[in-house]
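A quick write-up on the structure given underneath.
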Amino acid sequence: MSTPSPANKIQVASVSDRGLSEKRPMNEDSFVTDAEHRIFAVADGVGGAEAGEVASQTAIDVLQEAFRHQLGDGDDVEDLMELSIQRANSSIHQMAAEHPRFSMMATTIVALHLDRGRATIGHVGDSRLYRVTPDGQLVRETADHSIVEEEVRAGRMTPEQAAHHPSKNVISRALGAEESVEVDMKTIEVEDGTQFLLCTDGITRHIPDPELREFLTKGGAPEAICAELKERCYERGAEDNLTAVIVQVGEPRYAANFDDKRTLDVPTATTDSKSTETRLTPPSRVAFPGPQAAQTAGELGTKCRAPSHAGQSSDLRTKAR
């Protein structure tokens, strides 16, 4: 789906698919591409059955509603985005507490708002936002909220170790898991010719950063790039639901040269820097570790969040998608 917005020099395209895994008969990802209100987001639900889809769609609905009706002149965009994400967290947590079939649901979210040369970004979980500069540099603007990436950022683990670690599929922060949630927020300047990619880990588990940069800078239309991302994931098994949203601001002016280090500002555990072989992350991902992973996390010195829904015990629960 492609949505051009000539008045704002914004072009938007998206793709969302359940993938090829028989273990995932439903697509639990949700997204919004609202060019009129300049709000874009993707969310990756967990919890199985209908629960993940309910969690991710709730997050998207609450976010879009806030920007559709509550943003006026002089409003603080960053405050509005953070508040709406926290409100979505409360709604999901309450549904999980009141309905047993939703008791283990949660979702990631990454959101982007564009306004007069500024981009506001909000993020919880391991869905990502990438920025491609007008000269073709790829910058990851979000840091995954996962046990292994937190260890990499702390210098206690290398990206290569993280790629093989037993807790590599454990996310440490998600909407709906607790009564409150910390939202990573930032606002950056945007030049004409900038491109953004918002995506779930169904994309990044199969396509490492250097390949993402190639797709995004070869001059194709956003809709064609989305189709190519899906095709590449299918070629590599498409073991998870996959969703990508591309937002292009103006016309890119990509340079021929590219500094790979620009994609390492936030370490990633999906590729081995010593090898050109693509590393495929196993498909199951958990929002909270089971006993073995919890023990490993304790050894790492990382505290993971446990569900606190009414009627549940306080032990750490495994949430496989």
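FYI, it's all coordinate maths here, none of it is from the lab. If you're wondering where the values come from, they're calculated on a predicted model, not measured in any experiment. Cβ: placed from backbone, ideal geometry, glycine included. Neighbour counts: every protein chain shown.
Values as computed for the structure displayed
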read-out	value
Residue within region 101-112 that is surrounded by 15 or more Cβ atoms within 10 Å (Cβ to Cβ), out of contact with any strand residue (DSSP E or B) (no Cβ under 7 Å at 6 or more places or on another chain) and either of a type in the set (Val, Ile, Thr) or closer than 30 Å to Glu251 by Cα (or both) present	no
Top-ranked residue of region 113-155 - restricted to ones that are assigned to a strand (DSSP E or B) and among the polar types (S, T, N, Q), ranked as surrounded by the most Cβ atoms within 10 Å (Cβ to Cβ)	Ser146
Single unsatisfied condition, Arg38 versus (1) free of Cβ contacts under 8 Å to residues at least 40 places away in the same chain; (2) among the basic types (Lys, Arg); (3) at positive phi	(1)
Hits in region 71-109 (condition: out of contact with any Gly (no Cβ under 9 Å at 6 or more places or on another chain) and closer than 17 Å to Met185 by Cβ)	Leu71, Asp75, Asp76, Val77, Asp79, Leu80, Leu83, Gln86, Arg87
Unique residue being surrounded by 14 or more Cβ atoms within 10 Å (Cβ to Cβ) and under 17 Å from the mean Cα position of the chain (by Cα) when the list is Glu228, Glu211, Glu239, Glu223	Glu239
So Thr200, is it touching a residue at least 40 places away in the same chain (Cβ under 8 Å), in contact with a Ser or Thr (Cβ under 6 Å, 6 or more places away or on another chain), among the hydroxyl-bearing types (Ser, Thr, Tyr) and closer than 19 Å to Phe40 by Cα	yes
